[in-house]
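**Q** I'd like to ask you about the structure that follows.
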Amino acid sequence: MAIRALATHLSRRANNVAVGGRSFSALTAVEEFPGLPATNPSSSPSLTPSITTLPTGLTIVTEPSSLTSTVSLTFPSAGSSNELPSESGAALANRYLSFKSGKDLSTAIITRSLEDVGAALFSHAGRRGATVGYTALRENAAWVAPLLAVGCGFEKWDVRDAVQMAGKEVEEAKANVQVALTDQIYAAAYGPQSSLGHSYYTPNASRPSIISFRERTYTLNGAVLAATGIADHEAFVRMVEEEFPKAAPPKVDKVETAYLGGEARMDAPSTGYTHVALAFSGPTSTPLMNVLKHTFNLSGASAFASPGIFGVYSGSAPSDASGTIDALSSVLNSTPSADVIAKAKASAKSEALCALSGGSKSLADAMTASILDSCTFSPEALAEAYDAISEADVKKALDDMKKGGVSLAAVGDLSYVPYRASLAGRFN
């Protein structure tokens, strides 16, 4: 009886609510309840890039589809390869001067202005350039972009802290065998005293060298400003024209160092392990380089590729080092089958296209890389570039690569690592 009574009570209450319900409204749901999601939302914008180059030499590339915005400013000449002999270590130290005190703006004002809009800041540098930027909500991202181009004030405490932080990064790099092997690869390929061959991880840059390097290389002429999630490209360009520096300083050309094909070794017997790499001068085409990398990965090797250089690497117990190099040589001298090349093309193409949907920062990086590589950006053109690579192109690139000579890099216990002279004949 109790259950039936409860059911009857609930039924009567529901009927009373229905009878006394709200009357018909002449307003639409959106008018009566502002902010209510649309029942038929419009489709999201497609990845359609827009590109503009200003008289200052700054190239702006935007796209409207990202749900969040990443704005990045890349200085292609601000890498360690552009350091003068007196500026050793300046590229690394300048990375830590990003978002620091500028003309008429303190560090606190710059960082607080960015953080107030929820921006996540980032900066990085290397041998071939430097990038500074942030990721934020679409509606907040554009108006703080001029803070990326604020000239550095080189306050004494900022420079002091930058040198100290650079020193800590150098100490961390010394403990990283991958960094050590990478440094040896570049030293072997280009010569240890060359602009590309000397290490990016160099400490104790002087204040004058830090200032001269930044003033010479952190210029808008030749730089790339990439912004994702920007609905109005023209409005963004107008903002940049009005708020960014208007002077057009001379462009600093990226240093092109000749490939030498040599040998570099770092003996560290206490590690009880040996890391080796064989490298070559790679093709200038980034898609072709990536296809080569995937071709050797599918052939059982661990391959690496960066602008201008390609190779394979491995590690082993010291007594097995010679056999490891023999195995790497065998893979490099093998002729990849048509099936392997087709799979490598598909894998490389998929990797490149997935980077476009890997988040706003990944997309901004891909846009910047494409502008620097080919002065344009288009998902369709990117896919076509991979589709156009033929089996003959891959085999020709392999032959040309070997003609340039092999570079040998080794780190660790070198007791059983053969010298390059004994390997050179394998790739003629």
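The values are calculated or read from the model by the stated rules, or taken from the named source; none is laboratory data. What you see is a predicted model; the values in this text were computed from it and never measured. In this analysis, Cβ positions are derived from the backbone assuming ideal geometry, glycine residues included, and neighbour counts consider all displayed protein chains. To get the accessible areas, we keep the full protein, side chains included, count just its heavy atoms, and leave off ligands, DNA and RNA. Shrake-Rupley method; radii C 1.70, N 1.55, O 1.52, S 1.80 Å.
**Q** Would you mind listing the helices (runs of 4 or more DSSP H) fully within the stretch 103-218 where at least 1 residues are more than 27 Å from Ala364 (Cα to Cα) and touching a helix residue (DSSP H, G or I) at 6+ places or on another chain (Cβ under 8 Å)? I'd like the intermediate steps shown before the answer.
**A** Working: elements: 107-115, 138-141, 156-174, 177-190, 207-217.
It comes to 156-174, 177-190, 207-217.
**Q** Do you know which residues across the stretch 382-396 are open to solvent by less than 40 Å² (accessible area, probe 1.4 Å) and not in a helix (DSSP H, G or I)?
**A** Matches in the stretch 382-396: Ile389 only.
**Q** Now for a different question. Quick one: count up the residues across the stretch 350-369 that are under 17 Å from Met289 (Cα atoms) and either out of contact with any Phe, Trp or Tyr (no Cβ under 8 Å at 6 or more places or on another chain) or free of Cβ contacts under 8 Å to residues at least 40 places away in the same chain (or both).
**A** Count: 6.
**Q** Go through the stretch 83-115 and count every residue that is within 30 Å of Gln193 (Cβ to Cβ) and surrounded by fewer than 24 Cβ atoms within 10 Å (Cβ to Cβ). Spell out how you get there, then give the answer.
**A** Just the residues of the stretch 83-115 that are within 30 Å of Gln193 (Cβ to Cβ), to begin with: 83-98.
In the following step, the residues that additionally are surrounded by fewer than 24 Cβ atoms within 10 Å (Cβ to Cβ) were identified as 84-86, 88, 95-96, 98.
Residues that pass the stated criteria total 7.
**Q** Can you tell me how many residues within the stretch 52-74 are open to solvent by 10 Å² or more (accessible area, probe 1.4 Å), touching a residue at least 12 places away in the same chain (Cβ under 8 Å) and out of contact with any helix residue (DSSP H, G or I) (no Cβ under 6 Å at 6 or more places or on another chain)?
**A** Here the count works out to 7.
**Q** Among the residues of the stretch 339-384, what is the count of those that are in contact with a strand residue (DSSP E or B) (Cβ under 6 Å, 6 or more places away or on another chain) and acidic (Asp, Glu)?
**A** Qualifying residue count, the stretch 339-384: 0.
**Q** Which condition number does Val179 fail, the rest of (1) at pLDDT below 95; (2) farther than 30 Å from Pro245 by Cβ being met?
**A** (1)
**Q** Can you tell me which of (1) touching a residue at least 24 places away in the same chain (Cβ under 8 Å); (2) over 30 Å from Ser66 (Cα atoms); (3) surrounded by 18 or more Cβ atoms within 10 Å (Cβ to Cβ) is the one Thr135 doesn't meet?
**A** (2)
**Q** If Pro49 satisfies every condition in (1) closer than 30 Å to Gly197 by Cβ; (2) open to solvent by 10 Å² or more (accessible area, probe 1.4 Å); (3) in contact (Cβ under 8 Å) with a residue 12 or more places away in the chain but one, which is the exception?
**A** (1)
**Q** Note down all Cβ pairs under 8 Å where the first residue falls in the stretch 221-248 and is buried (at least 21 other Cβ atoms within 10 Å of the Cβ), the second is of a type in the set (S, T, N, Q) and part of a helix (DSSP H, G or I), and they're at least six residues apart or on different chains.
**A** Val224/Thr368; Ala226/Thr368; Thr228/Ser360; Gly229/Ser360
**Q** I'd like the full set of residues that are touching a strand residue (DSSP E or B) at 6+ places or on another chain (Cβ under 8 Å) and of a type in the set (Lys, Arg), limited to the stretch 99-127.
**A** If the condition is that a residue be touching a strand residue (DSSP E or B) at 6+ places or on another chain (Cβ under 8 Å) and of a type in the set (Lys, Arg), then Lys100 is the only one that fits.
**Q** Right, here's the next one. Find the strands (runs of 3 or more DSSP E) located wholly in the stretch 256-367 whose residues include 3 or more that are open to solvent by 50 Å² or more (accessible area, probe 1.4 Å), and list them.
**A** Ranges flagged: 263-267.
**Q** Test each condition in (1) modelled with pLDDT under 95; (2) within 19 Å of the chain's Cα centre (by Cα) for Phe75 and report the one that comes out false.
**A** (1)
**Q** Restricted to the stretch 116-128, and to residues that are farther than 17 Å from Tyr218 by Cβ and surrounded by 14 or more Cβ atoms within 10 Å (Cβ to Cβ), which residue is farthest from the chain's Cα centre (by Cα)?
**A** Of everything passing the filter in the stretch 116-128, Val117 is farthest from the chain's Cα centre (by Cα).
Conditions tested, residue by residue: (1) within 17 Å of Met266 (Cα to Cα); (2) surrounded by 15 or more Cβ atoms within 10 Å (Cβ to Cβ).
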site: Ala130; (1), (2): no, yes
site: Glu139; (1), (2): no, no
site: Lys156; (1), (2): no, no
site: Lys168; (1), (2): no, no
site: Ala180; (1), (2): yes, yes
site: Ala187; (1), (2): yes, yes
site: Ser195; (1), (2): no, yes
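**Q** While we're looking at this one, here's another question. Does Asp399 satisfy being open to solvent by 10 Å² or more (accessible area, probe 1.4 Å), more than 25 Å from the chain's Cα centre (by Cα) and under 28 Å from Tyr259 (Cβ atoms)?
**A** Considered against the rule, which asks whether it is open to solvent by 10 Å² or more (accessible area, probe 1.4 Å), more than 25 Å from the chain's Cα centre (by Cα) and under 28 Å from Tyr259 (Cβ atoms), Asp399 comes out as yes.
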